[in-house]
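The values are calculated or read from the model by the stated rules, or taken from the named source; none is laboratory data. Nothing here was measured: the structure is a model prediction, and the numbers come from that model. Note that we place each Cβ from the backbone using ideal geometry, even for glycine, and neighbour counts take in every protein chain shown. The accessibility values were calculated without ligands, DNA or RNA, using every heavy atom of the protein model including side chains. Shrake-Rupley method; radii C 1.70, N 1.55, O 1.52, S 1.80 Å.
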Amino acid sequence: MSVISKETFMFLNQLKLNNNRPWFEKNRSHYEKARAEYLVFVTKLVDGIRKIEVIPEKEPAKYVQRIYRDIRFSKDKTPYKSHFSSIIERGPEIRMCPLYIQIQPGRSMMGGGIWDPAAETLKKIRQEIDYNSAVLRKIINAKEFLRYFGQISGEKLLRHPKGYEADNPNIEFLKFKQLFVQRIFDDDLVLSKQLIPEILKSYKAALPFFHFFDAAMGE
């Protein structure tokens, strides 16, 4: 039996089409039901992750991000997200690459890594890449990494970063301003009992990548 149901997808699709407070309040009971279902999903997922890696103790409900959008600095004033999502921290300060989960019709995904690091942190990351590029290349060329993620994702500089020459053999890695992995899940998979097992397989495949950058930022 699947954890995420068609009813939850139906609610999220309807919310996307009717993203306003009157509709939401009228359909709050549907939201509460969908949120409860998502919480069951997160609880089971976290239980599975704990069998792979020790992560901080936290109530599963605290992993469920708010449905309300922060519209203070956004041109888009729609009040609600049309997805459920979670950021799952992996550990203390020495493990800084969290896991991100999103459930949304047509846009469900899992991912993790480094997003918008501070300048000093990015400097350390680039230094680690330059010193240990052979290790990074081995990680991202591993069979399971290629199977689930294909490549590193993230915004890149157009030119080489300050302090590195354009002919540096690692220059394409060094141009990254963000470094993360992501896997998109089609709706059929999300609505099947294979969703959590597939996320956990992807999580295992991502761990060497996470560990590399955990070490880079934790030194």
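Each of Pro105, Ser86, Tyr63 was scored by the projection of its Cα onto the charge dipole of segment 61-110, and the greatest displacement toward the positive side belongs to Pro105; charges sit on the C-beta of Lys, Arg, Asp and Glu. For the chain, the longest stretch holding no trypsin sites (Lys or Arg not before Pro) located in a DSSP loop with at most 14 other Cβ atoms within 10 Å is which? Counting only loop sites that pass the neighbour cut-off, the longest clear stretch is 108-158. Computed about the Cα centre, the dipole magnitude for segment 50-168 is approximately 400 debye when only Lys and Arg (+1) and Asp and Glu (-1) carry charge, each at its Cβ. Phi-derived couplings, Karplus 6.51 cos²θ - 1.76 cosθ + 1.60 at θ = phi - 60°, listed residue by residue for segment 74-86: 10, 6, 7, 9, 5, x, 10, 6, 9, 8, 9, 8, 8 Hz, with x used for Gly and Pro. How many percent of the accessible area of the chain is carbon or sulfur, using a 1.4 Å probe? That share works out to 54 percent.
Here the average projected area of the convex hull drawn through the C-alpha atoms of segment 1-127 stands at 10.1 nm².
The local environment of Tyr148, defined by Cβ-Cβ distances under 12 Å, has a net charge of +3 under the rule Lys, Arg +1 and Asp, Glu -1. Considering only alpha-carbon pairs that sit under 8 angstrom and 6 or more positions apart, the relative contact order computed for segment 151-195 is 44 percent. For the chain, a Gaussian network of Cα nodes joined below 10 Å ranks Gly112, Gly163, Gly154 by mean-square fluctuation, and the top entry is Gly163. Relative contact order for the chain: 24 percent, from Cα pairs under 8 Å spaced at least 6 residues apart, divided by residue count. For segment 76-219, the solvent-accessible area with a 1.4 angstrom probe is 51 square angstrom per residue. What is the list of residues in segment 95-111 whose amide nitrogen lies under 16 Å from a point 7 angstrom out from the Cα of Val135, following Cα to Cβ? Within reach of a label on Val135, which here means backbone N under 16 Å from a point 7 Å along Cα→Cβ, segment 95-111 contributes 95-97.
Mean-square fluctuations from a GNM of the chain, with a 10 angstrom spring cutoff on Cα atoms, peak among Leu158, Leu45, Leu195 at Leu158.
Would you please classify the overall shape of segment 66-132 from the alpha carbon gyration tensor, given that a ≥ b ≥ c denote the square roots of the eigenvalues, rounded means a/c under 1.5, and beyond that prolate means a/b larger than b/c while oblate covers the rest?
Values: a/c = 2.58, a/b = 1.84, b/c = 1.40.
Taking the square roots of the gyration eigenvalues as a ≥ b ≥ c, segment 66-132 is prolate.
Between helix 119-131 and the chain there is an angle of about 60 degrees, using the helix long axis and the longest principal axis of the Cα atoms.
Annotation for segment 130-217: GluC sites (Glu not before Pro) lying in DSSP loop with at most 12 further Cβ atoms inside 10 Å of their Cβ are Glu155, Glu165. Remark: accessible surface ordering of Ile196, Ile71, Ile125 (largest first) is Ile71, Ile196, Ile125, probe radius 1.4 Å. Note on the chain: with charges restricted to the Cβ of Lys and Arg (+1) and Asp and Glu (-1), its dipole about the Cα centre is near 540 debye. Using the alpha-carbon positions of segment 94-141, Rg (one decimal) and Dmax (whole number) come out as 14.1, 41 Å. When Lys and Arg each count +1 and Asp and Glu each count -1, what net charge do the other residues less than 12 Å away from Lys44, Cβ to Cβ, add up to? Its environment carries a net charge of +1. Structure remark: mean-square fluctuation, Gaussian network model of the chain, C-alpha springs under 10 Å; the largest value among Ile49, Ile67, Ile103 belongs to Ile67. Using a probe of 1.4 angstrom and keeping all protein chains present, the accessible surface of segment 1-61 works out to 63 square angstrom per residue.
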